[in-house]
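Notes to accompany the following structure.
None of the figures in this text is laboratory data; all of them are computed from the coordinates on show. Note that the structure is a prediction, hence the values are computed from the model and not measured. Positions of Cβ are backbone-derived with ideal geometry, glycine not excepted, and every protein chain shown enters the neighbour counts.
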Amino acid sequence: MQAPFWKTKTLDEMSGPEWESLCDGCGKCCMSKLEDEDSGAIYYTTVACRLFEEGSCRCSDYPNRLATVDDCVKLTPANVQTISWLPYSCAYRLVAEGQDLYWWHPLVSGDPDSVHAAGISVRGRVTASERDMGSPEDYFDHMIEDEL
């Protein structure tokens, strides 16, 4: 039996479909984060990107997201290792660090809903959309202590 691709390939070696399949659909990347300009500390919020669909935990316009959302970040093999706010459970981060995927990851479980059933996704935890935010100060009302 052959080992799964994420155990045998580096992020650079993955095909486009393999790369995309690493996303577990948790939606954590799509939540707004605040950064302290002085300390660099990251603060998490329950405010979702304006393109985020909470039910599916996916982007409503994934192919055009970078053109539509100014601060959307395209993950690449190079930047995965430098993005401090990337969730600790993120498959891209785990593979980059030489770790295995968790049991609830759809590539391991075979079930795209396992990430939600395990309580890893942001489904049911979004309190607002960026569309609803009037000023930067509004985000402070949605800050949480830890990553979702």
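Within the chain, which is the longest segment that contains none of the GluC sites (Glu not before Pro) sitting in a DSSP loop with at most 12 other Cβ atoms within 10 Å?
Values: sites that count: 37, 97, 145.
It works out to 38-96.
Would you pull out the residues with amide H under 5 Å of residue 86's amide H, same chain only if 5 or more places away, H placed 1.01 Å from N?
Hits under the 5 Å cutoff: none.
Could you estimate the translational diffusion coefficient of the chain from the Stokes-Einstein equation, with Rh from the Kirkwood formula over C-alpha pairs, at 37 °C and 0.692 mPa s, in whole µm²/s?
Answer, rounded: 202 µm²/s.
Could you name the aspartates and glutamates in cross-link range of residue 7, using Cα to Cα under 15 Å and dropping any fewer than eight places away on the same chain?
Straight-line reach from residue 7, under 15 Å: 18, 97, 100.
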